[in-house]
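The values are calculated or read from the model by the stated rules, or taken from the named source; none is laboratory data. Just so it is clear, the structure is predicted and the values come from calculations on it, not from any experiment. Cβ placement follows ideal geometry from the backbone for every residue including glycine, while neighbour counts extend to all protein chains displayed.
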Amino acid sequence: MYNRQFIHIAFLLWGGILCLITAICMYFSYNFNQEKRRWLLLIQLSGAILLLSDAAAWGYRGSSEEGAYLAVRLSNFFVFILSDLMLFFFHGYVCCYLFPESSARLHLTLKKQKKEKIQSGIPNNRIEGVFLIALFGAAMVVFSQLTNIYYYIDAQNYYHRSSGYFLALLIPIIGMILEFSIIIQYRRKISQETFVAMLLYLILPFASTFVLVCHYGISFSNIAICCSIILMFIAAMIEQNQNLAKKEKEAADMRIAVMVSQIQPHFMYNSLNAIYHLCDKNPELAKEAINDFSEYLQYTQRSIQRITPVSFNEELQNVKNYLHLEKIRFGEDLNIVYQIHVSNFFVPALSIQPIVENAVKHGICQKEDGGTLVITTQELQDMIEITVADDGAGFDPSVPKEDHKPHVGIQNTRQRIQAMCGGTLEIHSQIGKGTIVTIRLPKESK
């Protein structure tokens, strides 16, 4: 027949296991804010140890087995000291949310910043006060082991409350009240889910403490802590999913920005105008131009959905479509040379074309007699090297652009080459001699 003590221990064990599971999930949640993740992990692991220690305390209660003497004392010690340390960890977690831009976290050093200007709107005294209360409570637990002020264990390994037991409850309650006031005052800085989870973390153990004072026998407060930890974990997962959705939207916006930057209205108008004049003069060439223009637009549109690199041959074909259209416009003023020695590797979609377009527009077209564009790929010892060189007007890289407009193409290309392939993009230019853009990719991108 199962008795009440057995059921109580089972609840505590399962609570500890659930806290451990949430801790493991949080440990592998790399997309979650790293500082918040560390604090929440400390809360979850402390909660797991507390619940498992409480289960051990009840399991060895009154036992005469070998090792029971030490097990009862250690388990009760962990239950008491972790109750205070969890307040410390929870407070650090709250500060990460409410005051990420402030020096609030420096209060962990417990040194007053007297010589520094106190930031307005930050409750420095209360922030430091909660940390100090939590540490004082933990120190009192250590002190109680020498004085039995909180509790004592008799010769039969039974736990008994002492006259100062109320202090073990009062100290963290004071810290929880201060914490509650901070969360209420700055609740607009956090989401509704996080706000509710933080409040319940304080309210559930707080309410269960009064039940515990009146009815000794079931660890209501520790079970309430377990429920609160699970609720905070759920709130953290909701926040992580929202952050991931936000990042995906930003990535999609960036891909759209790349596409828009490539389909410039003047290029479309000029290409269509050139094709229009070809329809009478050279219908066959006009058909080729229309096909190139169509493939160019289709590739650019498809690139919005691409979140992985494409083969270099696919990107090169898009570059050739673009250059064919420009060749129709500029004729003998634009000479193109391909020196492709290696092509079995991958690059971000629309990474070579904006570089080529810049070379044509800002380099070769700025010279009266035009110039030559050379696209080269070669395999080095540990990398693939792509160069786009022109003998156009060139520029001084140290001088900022006069128009002060954001040049989305090259900036975005450099970022995507680094993020998607671990590569680099370098630009060397000299006025009157031309520009060389070099992309280096590790061979792992092959």
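One residue stands out in the stretch 14-48 among those that are under 21 Å from N76 (Cβ atoms) and surrounded by fewer than 17 Cβ atoms within 10 Å (Cβ to Cβ): the one that is farthest from the chain's Cα centre (by Cα), namely W14.
Results for (1) modelled with pLDDT of 90 or more; (2) under 43 Å from the mean Cα position of the chain (by Cα); (3) outside any helix (DSSP H, G or I); (4) not charged (D, E, K, R), shown as yes or no for each residue.
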{"position": "G129", "(1), (2), (3), (4)": "yes, yes, no, yes"}
{"position": "L135", "(1), (2), (3), (4)": "yes, yes, no, yes"}
{"position": "A139", "(1), (2), (3), (4)": "yes, yes, no, yes"}
{"position": "F143", "(1), (2), (3), (4)": "yes, yes, no, yes"}
{"position": "L146", "(1), (2), (3), (4)": "yes, no, no, yes"}
{"position": "S163", "(1), (2), (3), (4)": "no, no, yes, yes"}
{"position": "F166", "(1), (2), (3), (4)": "no, yes, no, yes"}
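Pairing residues of the stretch 146-165 that are under 15 Å from A57 (Cα atoms) with residues that are among the basic types (K, R) and assigned to a loop (DSSP other than H, G, I, E, B), at Cβ distances under 8 Å and at least 6 apart in sequence or on separate chains, gives N157/R61; Y158/R61; Y159/R61.
Every test in (1) in a loop (DSSP other than H, G, I, E, B); (2) modelled with pLDDT of 95 or more is passed by G392 save one, and that test is (2). When you scan the stretch 211-229, do you find a residue that is under 29 Å from the mean Cα position of the chain (by Cα) and β-branched (V, I, T), even just one? Among the residues of the stretch 211-229, at least one is under 29 Å from the mean Cα position of the chain (by Cα) and β-branched (V, I, T), which makes the answer yes. Within the stretch 319-338, identify whether any single residue is on the phi > 0 side of the Ramachandran plot, in the same structural domain as K281 (by TED's automatic domain parsing), touching a residue at least 12 places away in the same chain (Cβ under 8 Å) and aliphatic (A, V, I, L, M), and answer yes or no. Looking through the stretch 319-338, none of the residues is on the phi > 0 side of the Ramachandran plot, in the same structural domain as K281 (by TED's automatic domain parsing), touching a residue at least 12 places away in the same chain (Cβ under 8 Å) and aliphatic (A, V, I, L, M).
Taking each residue of the stretch 61-76 that is touching a residue at least 40 places away in the same chain (Cβ under 8 Å) and under 16 Å from L146 (Cα atoms) and looking for partners that are of a type in the set (D, E, K, R) and not in a loop (DSSP other than H, G, I, E, B) with beta-carbon atoms closer than 9 Å, six or more apart or interchain, yields N76/D54.
Here the condition is being at pLDDT 85 or above, of a type in the set (S, T, N, Q), surrounded by fewer than 21 Cβ atoms within 10 Å (Cβ to Cβ) and more than 43 Å from the chain's Cα centre (by Cα); of N282, N335, N270, it holds for N335 alone.
Let's see how each residue does on (1) out of contact with any strand residue (DSSP E or B) (no Cβ under 8 Å at 6 or more places or on another chain); (2) outside any helix (DSSP H, G or I); (3) under 27 Å from K433 (Cβ atoms); (4) polar (S, T, N, Q):
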| residue | (1), (2), (3), (4) |
| --- | --- |
| I275 | yes, no, no, no |
| D280 | yes, no, no, no |
| D292 | yes, no, no, no |
| Q301 | yes, no, no, yes |
| L316 | no, no, yes, no |
| E326 | no, no, yes, no |
| G331 | yes, no, yes, no |
| V356 | no, no, yes, no |
| V360 | no, no, yes, no |
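A count restricted to the stretch 63-89 and to residues that are small (G, A, S) and buried (at least 22 other Cβ atoms within 10 Å of the Cβ) stands at 2. Consider F233 carefully, then state whether it is within 19 Å of L50 (Cα to Cα), in a helix (DSSP H, G or I), modelled with pLDDT of 90 or more and assigned by TED's automatic domain parsing to the domain that holds H8. Answer is yes for this residue.
Residue pairs, Cβ under 8 Å, 6 or more apart or interchain, first in the stretch 204-215 and closer than 16 Å to I229 by Cβ and modelled with pLDDT of 70 or more, second hydroxyl-bearing (S, T, Y) and surrounded by 18 or more Cβ atoms within 10 Å (Cβ to Cβ). List them. Filtered contacts from the stretch 204-215: L204/S228; P205/S221; P205/S228; S208/S221.
Each row is one residue, and each column tells you yes or no for (1) within 36 Å of the chain's Cα centre (by Cα); (2) at pLDDT below 75; (3) surrounded by fewer than 16 Cβ atoms within 10 Å (Cβ to Cβ).
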position: S398; (1), (2), (3): yes, yes, yes
position: V408; (1), (2), (3): yes, yes, yes
position: I417; (1), (2), (3): yes, no, no
position: E426; (1), (2), (3): yes, no, yes
position: Q430; (1), (2), (3): no, no, yes
position: G434; (1), (2), (3): no, no, no
position: I439; (1), (2), (3): yes, no, no
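No other residue among N148, N157, N124, N222 is surrounded by 14 or more Cβ atoms within 10 Å (Cβ to Cβ) and touching a Ser or Thr at 6+ places or on another chain (Cβ under 7 Å) apart from N157.
Given the structure, is Y60 assigned by TED's automatic domain parsing to the domain that holds I127, under 26 Å from the mean Cα position of the chain (by Cα) and surrounded by 21 or more Cβ atoms within 10 Å (Cβ to Cβ)? Spelling it out, it is not the case that Y60 is assigned by TED's automatic domain parsing to the domain that holds I127, under 26 Å from the mean Cα position of the chain (by Cα) and surrounded by 21 or more Cβ atoms within 10 Å (Cβ to Cβ).
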